[in-house]
Amino acid sequence: MVRKEDILTDWVSSKKAAEILTANSGHTISTDYVRRLGNTGKIETMQIDERTKLYNRKIVEGYTVKERGDGSVRHAARKIK
């Protein structure tokens with residue numbers, strides 16, 4: 001059985017996970033991206049109810065998101081020649 005104390009210390013909300021990832025990565029990480037990481041299995045999740053998911057604090061703290069480029073390479077490739 002999962003105890004409430006364990007949930008509060010071992011699991012975090014998407015907002016808190018985004019704050020942790022932002023601090024670890026050095027650039028802004030959105031809650032939408034946190035949910036994407038959870039849905040793809042890169043961060044362990046625990047479903048609370050139909051709308052609420054929590055994220056494993058230890059995995060979130062050990063995860064770093066690389067900053068993507070500014071899109072200039074793809075933009076240049078789409079230019080009409």
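The values are calculated or read from the model by the stated rules, or taken from the named source; none is laboratory data. Since this is a predicted model, take the numbers as computed values, not measurements. All Cβ positions, even for glycine, are placed from backbone atoms using ideal geometry, and neighbour counts span all protein chains on display. Calculation scope for accessible area: heavy atoms of the full protein, side chains included, ligands and nucleic acids excluded. Shrake-Rupley method; radii C 1.70, N 1.55, O 1.52, S 1.80 Å.
Numbers for the structure displayed
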| read-out | value |
| --- | --- |
| Conditions (1) part of a loop (DSSP other than H, G, I, E, B); (2) of a type outside the set (Lys, Arg); (3) farther than 16 Å from ASP10 by Cα: number failed by TYR63 | (3) |
| Any pair with Cβ under 6 angstrom, 6 or more apart, that starts in region 17-32 at a residue that is closer than 15 Å to THR45 by Cα and ends at one that is β-branched (Val, Ile, Thr) and open to solvent by 20 Å² or more (accessible area, probe 1.4 Å) | ALA18/THR31 |
| Residue check for ARG36: modelled with pLDDT under 95 and out of contact with any helix residue (DSSP H, G or I) (no Cβ under 9 Å at 6 or more places or on another chain) | no |
| Check on GLU19, assigned to a loop (DSSP other than H, G, I, E, B) and either within 13 Å of the chain's Cα centre (by Cα) or surrounded by fewer than 16 Cβ atoms within 10 Å (Cβ to Cβ) (or both) | no |
| Residues that are free of Cβ contacts under 8 Å to residues at least 24 places away in the same chain and in a loop (DSSP other than H, G, I, E, B), drawn from region 35-51 | THR40, GLY41, LYS42, GLU44, ILE48, ASP49, GLU50, ARG51 |
| Output for region 53-72, where each listed residue is farther than 13 Å from ALA17 by Cβ, free of Cβ contacts under 8 Å to residues at least 12 places away in the same chain and of a type outside the set (Asp, Glu) | ARG68, GLY69, GLY71, SER72 |
